[in-house]
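K.L.:
I have a structure here, written as structure tokens, and I will follow up with some questions on it.
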Amino acid sequence: MTLQNDLFLRALARKPVDRTPVWLMRQAGRYLPEYNATRKKAGNFLTLCKTPELACEVTLQPIDRYGFDAAILFSDILTVPDALGLGLHFVEGEGPRFHRRITSEADIAGLPQIDIGPALGYVGDAVALIRQELQGRVPLIGFTGSPWTLACYMISGGSSGDDFLSVRKWLYSRPDLVHQLLGRITEVVIGYCRMQADRGAQAMMVFDSWGGLLADAAFEKFSQPYIRRIIDGLTQSHPALPTIVFVKGGSGWLEKTAATGCSAIGVDWSISLDQARARVGSRCAVQGNLDPAVLLGTPAHIRAEVGQAIRSFGTLGEGAGHVFNLGHGISQFTPVENVQCLVEAVAEFSGQQA
Ligand code: CP3
């Protein structure tokens, strides 16, 4: 099926576009009344993820409502540790928790060898169904957590309350164990991403949500090389698949993130788009980076901030490559009409840059 809107893929390839494509991290989520209705029907968040028909329904909701330029698979990064037998559940108002956590070398050795197909087949089924239901309207993004970010949750058992201090302690007491765990996760993640691509994902995003907790040299040891292995693995099996790497809190090392070989880097709001473009724009596209809090403001402020971000990125000719997004997930307290305001402002202001 031919793609009716390829703006997102064009921007990732740094080809000219007549306006900037836009999608938002967590675009299917609790700020949308229709999401809350489907989630209620599912009973809980995890059942929503594990039921392809319902995951498909919520993936399409923000596309139908706002006409975003890309859809993102509705799932969670923690499906991988769940498939490795840690037993994921969500405590209302507190976030993710595992029944078991990784506390020792024996725990790492005891992680089962899994077959991605049976273990995470529900994710592949959701991808295939979403592709079918999208009918070529916009491309579908698949995703994974980075090995470091997944290891944080697996070692802590879920809570990020202390900025994963218990996990960071391992970096400086048992780095060998951390590397063992990261190696195991990386193998599984490569298979997981390949499965999503085989079932129809048209771009792959790696979320390193906790990469920014690492010291500069530690990022180079414990996160970047494993993300690079994932990108290398995907490039071997799916050479045409564009990849996006988002390191929250990682604006200090954009060059190292770009050196993973990704097609685009995601940036948070701690750096301006002109600076991000100047540093890595000749190597990859840039996705981001409005502060999600902007969407809690007034329409006039939203328009002003969107216009500022788009002018900061600059012209959209050959070699440009900007995907408009937030610098992190959308807040559940965002008024739905403010998202409409953002989408319209992106089209209006970026049309003037083309
Ligand atoms: O972007 C999308 O619309 C796709 C769906 C998506 C979700 N999680 C749905 C979700 C994606 C891409 C994720 C990734 C994810 N999950 C990350 C990386 C991105 C980031 O935010 O940094 C992380 C760290 C997780 C782990 C996770 N899942 C946490 C910490 C929580 C609880 C926090 C919260 O916002 O409640 C979740 C739950 C979660 N994942 C929700 C959604 C829509 C809210 C669950 C609900 O409906 O109650």
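The values are calculated or read from the model by the stated rules, or taken from the named source; none is laboratory data. Given the structure is predicted, the values throughout are model-derived calculations rather than measurements. Don't worry about glycine lacking a Cβ; one is built from the backbone with ideal geometry, like all the others, and counts go over all protein chains shown. Just so you know, the surface numbers come from the protein's heavy atoms only, side chains and all, with ligands and any DNA or RNA stripped out. Shrake-Rupley method; radii C 1.70, N 1.55, O 1.52, S 1.80 Å.
K.L.:
Which Cα, out of ILE302, HIS238, PHE333, lies furthest along the positive dipole direction of the chain (beta carbon charges, K/R +1, D/E -1)?
P.N.:
Going by the charge dipole, the pick is HIS238.
K.L.:
What angle, in degrees between 0 and 90 and rounded to the nearest 10, separates the Cα long axis of helix 147-156 from the longest principal axis of the Cα atoms of the chain?
P.N.:
Approximately 50 degrees, to the nearest ten.
K.L.:
I want the local charge near HIS301. Using Cβ-Cβ distances under 15 Å, sum +1 for each Lys or Arg and -1 for each Asp or Glu among the other residues.
P.N.:
-3
K.L.:
Across the chain, where is the longest run that never hits GluC sites (Glu not before Pro) in a DSSP loop with at most 15 other C-beta atoms within 10 Å?
P.N.:
Of all site-free stretches, the longest is 95-317.
K.L.:
To the nearest 20 debye, what is the magnitude of the charge dipole of the stretch 38-290 about its Cα centre, counting +1 on the Cβ of each Lys and Arg and -1 on the Cβ of each Asp and Glu?
P.N.:
100
K.L.:
Lys and Arg at +1, Asp and Glu at -1: add these up for the other residues within a Cβ distance under 14 Å of GLU348 and post the number.
P.N.:
Values: positive: ARG19, ARG303, ARG311; negative: ASP18, GLU305, GLU344.
Surrounding charge for GLU348 is 0.
K.L.:
Compute the angle between helix 175-199 and the longest alpha-carbon principal axis of the chain, please, reported from 0 to 90 degrees and rounded to the nearest 10.
P.N.:
Value to nearest ten degrees: 50.
K.L.:
With the alpha-carbon atoms as the only input, what is the per residue convex hull volume for the stretch 1-148 in Å³?
P.N.:
Looking at the stretch 1-148, the number lands at 140 Å³ per residue.
K.L.:
Per the 1.4 Å probe, what fraction of the accessible area of the stretch 107-265, in percent, lies on carbon and sulfur atoms?
P.N.:
50
K.L.:
Work out, in µm²/s and without decimals, the Stokes-Einstein translational diffusion coefficient of the stretch 38-290 at 10 °C, 1.306 mPa s, Rh from Kirkwood over C-alpha pairs. Mind dumping the intermediate values first?
P.N.:
Values: Rh = 18.6 Å.
In µm²/s, the coefficient rounds to 85.
K.L.:
Further question on the same structure: Keeping every protein chain present and rolling a 1.4 Å probe, give me the accessible area per residue for the chain in Å².
P.N.:
I get 39 Å² per residue for this part.
K.L.:
Just to be sure I understand the model, the point goes 7 Å from the Cα along the line to the Cβ. What's the resulting GLU318 to SER272 distance in nm?
P.N.:
For the pair GLU318/SER272, the computed spacing is 2.8 nm.
K.L.:
Evaluate the distance, in nm, between pseudo-label points positioned 7 Å from the Cα of GLN4 and of ASP232 along their respective Cα→Cβ axes.
P.N.:
About 4.2 nm, to one decimal.
K.L.:
As an exercise, take the mean of 1/r over every pair of distinct alpha carbons in the stretch 105-155, invert it, and state the Kirkwood radius in angstroms.
P.N.:
Mean inverse Cα-Cα distance, inverted, gives 13.7 Å.
K.L.:
For the stretch 203-262, compute the orientation-averaged projected area of the C-alpha convex hull (one quarter of its surface), in nm².
P.N.:
Result: 3.5 nm².
K.L.:
With a point put 7 Å past each Cα toward its Cβ, work out how far SER282 is from HIS99 in nm, to one decimal.
P.N.:
5.4
K.L.:
Also, I was wondering about something else. If you average over every viewing direction, what projected area does the convex hull of the Cα atoms of the stretch 19-66 give, in nm²?
P.N.:
Mean shadow area of the hull around the Cα atoms is 3.6 nm².
K.L.:
Let me ask something else. Does anyone have the angle between helix 224-237 and the longest principal axis of the chain? Alpha-carbon axes, 0 to 90°, nearest 10?
P.N.:
Approximately 80 degrees, to the nearest 10.
K.L.:
When the accessible area of the stretch 1-73 is computed with all protein chains present and a 1.4 Å probe, what percentage of it is carbon and sulfur? Before the final figure, lay out each step's value.
P.N.:
Details: 1480 of 3080 Å².
Carbon plus sulfur share of accessible area: 48 percent.
K.L.:
Could you estimate the translational diffusion coefficient of the stretch 219-354 from the Stokes-Einstein equation, with Rh from the Kirkwood formula over C-alpha pairs, at 25 °C and 0.890 mPa s, in whole µm²/s?
P.N.:
It comes out at roughly 157 µm²/s.
K.L.:
Divide by every residue of the chain the summed helix terms, -39500 (n - 2.57) for each DSSP H run of at least 4, and state the resulting mean residue ellipticity at 222 nm, rounded to the nearest 500 deg cm²/dmol.
P.N.:
When only DSSP H runs of four or more count, the value is -14500 deg cm²/dmol.
K.L.:
If you don't mind, there's one more thing I want to ask. Taking θ as phi - 60°, what are the ³J(HN,Hα) couplings along the stretch 34-42 by the Karplus curve (6.51, -1.76, 1.60), each to the nearest whole Hz, with x for Gly and Pro?
P.N.:
Here the 3J(HN,Hα) series is 5, 5, 4, 5, 5, 4, 5, 4, 6 Hz.
K.L.:
How much of the DSSP bridge set in the stretch 38-290 is antiparallel, in percent, rounded to the nearest 5?
P.N.:
20
K.L.:
What is the Cα centroid distance between the stretch 185-254 and the stretch 153-182, reported in whole angstrom?
P.N.:
After rounding, the separation between the Cα centres reads 19 Å.
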